[in-house]
Each structure stands twice: as structure tokens, then as C-alpha cells.
Amino acid sequence: MFGLLTLILARNPDHVVPALAVLLAPLIAVHPFVVADKADLRTLYAVLPVPHRTVVLGSYAWAVAGFLGTVGAGAGLAALLARAEGVPLHGSDLVTLLGLSWVLFAVNIGVQFPLLIRFGYARISVLGTVLPLALVMVAVVRLHLSFPTLQHWLPLLCAAGPVVLAASAILAARLPGPRA
Amino acid sequence: MRVVLSNSSGVPLYQQIKEQIGAAILSGDLAEDTALPSVRALARDLRISIITTNRAYTELAAEGFIATVPGKGAYVLPLDSALVREQLLRQVEDGLQTALDAARRAGLGRADLVEILDGLMQAERQENPSETGRNHR
Amino acid sequence: MTGDLAFALRGVGSAVGGGFALRDVSFELPAGYVMGLIGANGAGKTTTIRCLLGMRGIETGEIELLGHRMPGPVALRQDVGVVFDRTYLVGDWRLAEVERTLRPFYDRWDGTRYRELLDEFGLDLRARVKDLSRGMAMKLMIAVALSHRARLLVLDEPTSGLDPVARSELVGIIGDFLLDEGHSVLFSTHITSDLDRIGDYVTLIHDGRVVRTGPKDEILAAYRVVRGGPDDLSGLVGVELIGVRRTSSGAEALVRTEEAGLLGSGVLVEAPTLEEIAVPAAVDAADTAAGTAAEPPARGERVNAVVRMTQLHLRTVAPYRTLGLWCSGC
């Protein structure tokens with residue numbers, strides 16, 4: 001379904017990469033938490049000879065890897081689509097959209113993960129998706145953000161991505177897991 | 001080695017093991033120097049606790065039937081060790097005590113008892129001369 | 001190896017909500033033996049095990065595990081095999097995948113042994129975790145524990161929901177494991193017949209407190225079961241009846257062995273089974289709680305551990321690895 005949605009949204013090859021990055025990457029990132037609830041992986045994490053911190057950092061590493069993988073796959077798909085439809089790719093637009101997806105992704109994960117790690121997917125699923133979205137909406141409305149202004153601040157925003165993730169990871173590593 | 005445990009006999013498991021191994025040694029089924037399974041292997045095979053098995057072995061060792069080698073297992077000691085003799089002597093005493101008790105109730109005196117004993121020994125000698133000969137060594 | 005403890009709990013208290021889930025829990029197991037943790041459902045067996053394994057914090061007391069005061073180094077988990085009544089593996093993993101996922105975490109993982117054990121237990125490498133029966137899942141978890149060369153095997157209710165054949169197999173597996181005198185086993189159960197024979201030590205737990213702990217034979221020797229007519233067990237002086245059960249045709253109770261001699265000859269006095277002790281003995285429980293606060297968790301790990309964790313996460317997604325599956329699944 002999501003693949004299909006992406007394709008529909010992405011009649012313009014320029015949008016394939018960001019669309020995938022926005023829609024698919026968070027799903028991939030959150031998936032271990034969904035499985036963890038179903039399969040009682042929290043117990044596995046507690047039994048394996050790894051500290052809680054590693055488990056937490058592992059989820060962030062997995063999320064970033066998922067994002068990069070999606071972007072890679074999206075770039076390939078965009079190139080294929082551009083060739084098939086005979087439309088040229090616009091490099092600068094692509095970079096802007098990609099940068100924005102990265103920022104969105106970082107905020108999304110940065111807000112969602114500590115909650116997921118503390119409370120588990122079952123109790124946080126809806127809130128975890130809505131909260132980052134709401135934060136972004138509020139930021140866009142309150143700061144009167146528009147595409148050109150965003151483009152202007154983009155390098156700074158992109159650089160803020162890893163900072164957000166790192167801060168979130170440090171916070172999450174200090175949180176206890178959900179009570180067994 | 002053959003050990004068959006009963007759950008309902010009322011005799012503690014360690015006692016059953018001890019008696020059966022002891023009897024096998026006395027009867028010669030387990031010859032001198034025969035290796036016995038380790039405590040842990042026997043516990044596993046009999047599906048009983050290690051402590052119980054260990055207790056049986058410890059008591060068998062204390063009575064001079066076997067010697068245990070820590071971490072290895074145990075082996076059967078020569079039968080004529082002093083402790084076994086003592087054990088046998090105790091059995092003889094127990095048996096004679098039982099006979100004595102019965103004799104008192106039946107009103108038999110010392111002379112009657114000696115006569116019965118002589119008769120039994122003579123009968124045994126006629127039945128199985130080689131066996132008794134060895135016992136009188 | 002004598003004198004080494006597999007583990008010890010000393011005055012352990014653990015809170016849940018406003019009250020205490022465990023109160024002043026103290027018991028220990030010498031290395032090389034089996035201990036049964038016996039109690040009714042909700043008595044605190046699982047909580048005790050989780051505290052012992054450091055999966056749950058404690059408010060009072062201290063815990064020692066394989067020579068380390070808990071929370072000990074994370075590497076300690078290399079030596080502990082944990083079997084819970086439900087598997088904590090991803091249902092979609094095949095048993096071969098279970099090995100590929102867990103192996104990188106363990107220093108002493110023995111792949112040959114894993115395959116041998118699966119073979120011995122009648123488990124197929126191609127089977128999926130979710131398709132295993134309870135008994136098979138338990139055997140898989142044991143196979144995992146034995147493959148990483150655990151020294152302490154902790155099983156929480158391993159026999160619940162198992163048929164007699166599987167229970168009997170478990171007894172055999174534990175016996176094999178204990179051939180090494182450095183190996184120890186703790187298992188919790190509410191079905192005491194499992195333990196009547198193989199347990200070396202027993203801890204009876206009731207309502208979050210330890211009622212009785214020690215060598216099983218000593219505990220069994222400390223009590224006698226008395227049975228008599230409806231009026232036989234009344235008006236006794238100097239004999240405390242524990243957990244008396246009266247019916248119109250008779251009465252039954254547990255008494256301390258030293259007091260059993262004071263009973264008249266009209267009653268039947270017998271050695272108890274663990275089952276007969278487990279329930280009534282819960283009546284006399286004492287309480288005090290004291291101790292020190294737990295230390296903060298130890299930290300320090302390596303980057304490649306994060307990589308292994310990422311791989312594990314990758315495996316949680318493995319069933320959906322192809323985008324095609326994503327599309328068709330929705």
C-alpha cells in the first residue's frame with residue numbers, strides 16, 4: 001500500500017526520494033518496536049549480554065540505516081522513473097526536499113523513540129506518530145515558515161538533525177524500559 | 001550395576017541405593033575395583049537429586065564398601081576390609097539378637113540355641129560344601 | 001567448587017505500585033545443584049527470578065549472582081541461560097535464523113552443539129518459532145542456553161502446560177546439564193511433583209515472602225502429615241496444626257516433626273510430599289525488611305555491540321525485507 005501510495009504521489013520523479021523517506025523510513029525505524037511488543041523482545045534484550053544503552057543506540061542506528069537505505073532505494077527509483085518518463089531530474093529541488101525529509105525524520109524519530117523506549121509500542125503508537133507531526137505543524141504555523149525561508153535555513157536545519165537524534169538517544173539511554 | 005528404586009516403599013531413596021549397592025558388593029555382583037558411575041551420572045540416570053545420591057555414596061564409603069574420587073566417580077573396595085567385616089559382624093549380631101528375642105518368648109535356653117545353630121551349620125555344609133568352606137576360611 | 005554459590009538473595013524487597021511484591025526474600029543455592037522455587041500463581045516466583053536476573057530493580061537487600069554482586073557486569077549474562085514460559089524470540093524466525101541472530105552476542109557460542117541439541121530434541125532448523133508447541137519452544141530455549149555454555153540455567157514455570165512426556169524429558173535434560181559440577185539450575189513451578197525427586201534444594205514462597213528454604217530432604221524431614229477421624233485433631237496440647245483441613249469423615253494437618261511424637265496413637269503420621277508442605281506451610285510466614293539500596297546500573301560497551309543490535313533489528317524486519325511483500329500485504 002505504502003509503495004503504491006509513494007508511486008502515486010511520485011508521478012514527478014523528483015518527489016520519489018523524499019516521499020519514500022518521509023513515508024517509509026519511519027515505518028522501518030519503528031518496526032522493531034512493533035515486533036518487540038509481539039515477541040517479548042524486551043526480555044531478549046535483558047537476557048542478551050548487552051547493556052540497555054546498546055539496545056537503545058541500536059534502534060537509533062537501525063533508524064538512520066533505514067533512512068539512508070530508503071533514500072538510496074528512492075534515488076535509484078527516481079532515476080529509473082526519470083528515464084522511463086523522459087523527464088530530467090532537478091538536482092537542487094531534490095536536495096532541498098531531501099534535506100527537509102531528513103529534518104522531518106530526525107524530529108519524528110527524536111520525539112518518538114524516547115517514548116517508544118520508555119513505554120513500548122502498544123501504549124505509544126498513535127501518540128508517537130501524532131506528537132512529532134503536531135510539533136512540526138506548530139513550528140510551521142507559529143514561525144510562518146514557507147518553502148523559500150526553509151530553503152534558506154536548510155543547511156542549519158540539516159545539521160540540527162543529528163543533534164536532535166543524538167540528544168534524543170542520550171535521553172532515551174537514560175530511561176528505563178517499560179516495566180516487565 | 002542394578003539399582004531399582006521404589007517410590008512407595010517408605011524407605012528413603014538414599015537408603016535404597018545404599019542397600020542395593022551394598023548387597024551387590026557383598027554378593028560379589030560388583031567385584032573389587034569395579035568402577036561405579038559418578039554421583040552426578042547416577043543421579044541423572046535414576047532421576048533423583050544429587051544430594052540424595054551423594055548421601056548414599058558417602059555412607060557406602062563410610063562403611064568401607066566403596067572409595068570415592070572427587071570429580072571422578074567411585075570404585076568398589078576389596079571386601080575383606082576391616083569396615084566391611086565390622087558391617088558383617090553387626091549383621092550377625094542383629095540376626096542373633098532377633099533369634100534371642102524369639103527364643104526368650106519361646107522359653108528356649110542357651111543349650112537349645114547352640115543346638116539349633118549347630119544343626120543349621122551342619123545342614124548348610126551338607127547342602128553346599130564349597131560355599132561354606134570359603135566362609136569359614 | 002565447594003563453597004561457591006550459584007546465587008544468593010539477601011533481604012530482597014521489591015515494590016510494585018504502592019505495596020511490596022517481595023519482602024525480605026533471602027535464599028541461596030550452592031553451585032552444582034538444582035533448586036525448585038515453589039509457590040502458587042502470584043506468590044512472587046517470576047518477580048523473584050526477574051530480580052535475580054537484574055531485569056527488575058530491587059528496593060532493599062542485595063543479590064549475588066555467580067560471584068558478582070548485582071547489578072553485575074553485563075558479561076555475566078554470558079553465563080546465564082533463561083527459559084521463560086513464553087519464548088522471547090521473533091515468531092517469524094526460523095530456528096537457523098535464531099542461531100544466526102543470537103550467535104554474535106555470545107563469546108562461547110557453539111554452533112555444532114546447537115545443531116546437535118536441536119537434533120536430539122527433535123527440532124527442525126527450518127521450523128519457525130511461532131509454529132513450535134510449548135514443549136518444543138521450551139526445548140529451543142534450553143538449546144539456546146546450552147549452546148552459549150551457560151553455567152546457570154534459570155527456568156520460570158518450564159513445566160506448566162507441558163505433557164508428562166515433555167516434563168520427563170526436561171528432567172533428563174537437567175540431569176545431563178548437571179553432570180558438570182559447575183552447573184546449577186533454578187526453576188520455578190507450582191506443580192511440585194516435578195521436583196519431588198530431582199530437586200536438591202527447595203524454596204517455598206508465598207505472598208512475596210520466603211516461607212521455607214534449604215535442602216529438600218531437610219524440609220521434608222521437618223514436617224509430618226497427620227490424618228485422623230473428625231475429632232482426633234482437636235484439643236491437642238503442645239502441637240501446632242498447620243493448615244488443618246476438616247471434613248465430616250476426617251481431619252488432616254501438617255505438624256512439625258518434633259511435635260509429632262506428642263500425637264496419640266489413634267492418628268496416622270506420615271512423611272509428607274512437597275505438595276503437602278507447599279500450601280499449608282505458607283501459613284507461618286515472618287516479615288522484616290531491611291538492607292541497602294541497589295547500585296546504579298553499570299555502563300560501558302562497544303560500538304560493535306551496537307552493530308550487532310542493529311543486525312538484530314534488521315532481523316525483526318527480515319520477513320518484510322522485500323518491498324513486494326509490503327505491497328501485497330496491505
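Any read-out appearing in this document is the output of simple, stated calculations on the displayed coordinates, not a laboratory observation. It should be emphasised that the depicted structure is a prediction, and the values quoted were computed from it without experimental measurement. Cβ sites come from the backbone with ideal geometry, for glycine too, and all protein chains shown count toward neighbours.
Please report, for the Cα atoms of the protein assembly as shown, the Rg to one decimal and the Dmax as a whole number; what are they, in angstrom?
Rg then Dmax for the protein assembly as shown, in Å: 34.6, 129.
Using only Cα atoms, find the angle between the long axis of helix B:13-26 and the longest principal axis of chain B, and express it within 0 to 90 degrees, rounded to the nearest 10.
The helix B:13-26 is inclined about 60 degrees to chain B.
Could you name the lysines whose alpha carbon sits less than 23 Å from that of B:Lys72, not counting residues in the same chain fewer than 8 places away?
B:Lys18
If I take every Cα pair under 8 Å that is 6 or more residues apart in the stretch C:219-283, average their sequence separation and divide by the length, what percent do I get for the relative contact order?
45 percent
Give me the Å³ per residue figure for the convex hull around the C-alpha atoms of chain B. Don't jump to the answer; show the numbers that get you there.
Details: hull volume 19.6 nm³, N = 137.
Measuring per residue, one finds 143 Å³ for the Cα hull of chain B.
Taking every DSSP beta bridge that has both residues in the stretch C:77-234, what percent is antiparallel when rounded to the nearest 5?
45 percent
What per residue convex hull volume, in Å³, comes out for chain C when only alpha-carbon positions are used? Each step should come with its number before you reach the end.
Numbers: hull volume 62.4 nm³, N = 330.
Expressed per residue, the convex hull around the Cα atoms of chain C is 189 Å³.
Expressed as a whole number of Å, what is the distance separating the alpha-carbon centroids of the stretch C:173-200 and the stretch A:66-108?
Each part reduced to its Cα centre gives a spacing of 59 Å.
Answer with one residue from B:Gln15, C:Val255, A:Thr43: the one whose Cα lies farthest towards the positive end of the charge dipole of the protein assembly as shown, charges on Cβ with Lys, Arg +1 and Asp, Glu -1.
The listed residue farthest towards the positive side: A:Thr43.
Extension gain C:Glu28-C:Asp107, at 0.36 nm per residue separation less the Cα-Cα distance, in nm?
25.7 nm
Let me know the mean shielding of B:30-43 by other chains, meaning the per-residue number of their Cβ atoms within 10 Å of its Cβ. Intermediate values should be presented prior to the final figure.
Values: counts 0, 0, 0, 0, 0, 0, 0, 0, 2, 2, 8, 4, 1, 7.
Mean number of neighbouring Cβ atoms from other chains: 2.
Could you calculate, for the stretch A:139-180, the ratio of the Cα radius of gyration to the Kirkwood radius, expressed as Rg to Rh?
Across the stretch A:139-180, the Cα-based Rg/Rh ratio is 1.23.
Mind listing the Cα extents of the stretch A:92-174 along all three principal axes, in Å, largest one first?
Here the spans come out as 39, 23, 21 Å, largest first.
If I take every Cα pair under 8 Å that is 6 or more residues apart in chain C, average their sequence separation and divide by the length, what percent do I get for the relative contact order?
Answer for chain C is 23 percent.
Would you mind checking the tilt of helix A:91-119 against the longest principal axis of the Cα atoms of chain A, expressed as 0 to 90 degrees and rounded to 10?
20 degrees
Nearest 10 degrees is fine. How inclined is helix C:303-317 to the longest principal axis of chain C, computing both from alpha carbons?
So the inclination is approximately 90 degrees.
Could you give the radius of gyration (one decimal) and Dmax (whole number) of the Cα atoms in chain A, in Å?
Final numbers for Rg and Dmax: 17.5, 56 Å.
Can you bin every Cα-Cα distance in the stretch B:13-76 into 5 Å intervals starting at zero and give me the percent of pairs per bin, rounded to whole numbers?
For the stretch B:13-76, the pair-distance distribution reads 4, 21, 32, 29, 13, 2.
Taking 45 Å as R0, compute the FRET efficiency from the Cβ-Cβ separation of A:Thr149 and C:Ser160 and round it to 0.05. Before the final figure, lay out each step's value.
Working: r = 63 Å, r/R0 = 1.39.
The pair A:Thr149/C:Ser160 has a calculated efficiency of 0.10.
Enter the mean number of other protein chain beta carbons within 10 Å of the beta carbon of each residue in A:56-62, as an integer. Mind showing how you got there, number by number?
Values: counts 2, 7, 10, 5, 3, 7, 9.
That works out to 6 on average.
So if each residue of separation counts as 0.36 nm, and I subtract the Cα-Cα distance between B:Ser6 and B:Arg105, what length gain in nm does that give?
Numbers: separation 99, 0.36 × 99 = 35.64 nm, distance 3.44 nm.
Difference between extended and current length: 32.2 nm.
Using Cα centres only, tell me the gap between the stretch B:82-124 and the stretch A:120-150 in whole Å.
If you average the Cα positions of each part, the centres end up 100 Å apart.
Write down the percent of antiparallel bridges among all DSSP beta bridges whose residues are both part of the protein assembly as shown, to the nearest 5. Present the calculation step by step, with values, prior to reporting the outcome.
Details: 40 of 58 bridges.
Here the share of antiparallel DSSP bridges comes out near 70 percent.
Please report, for the Cα atoms of the stretch C:182-275, the Rg to one decimal and the Dmax as a whole number; what are they, in angstrom?
That works out to 15.2, 52 Å for Rg and Dmax.
Peptides C:152-163, C:43-54, A:63-74: what's the order by average Cβ count within 10 Å, highest mean first?
The peptides rank, most packed first, as C:43-54, C:152-163, A:63-74.
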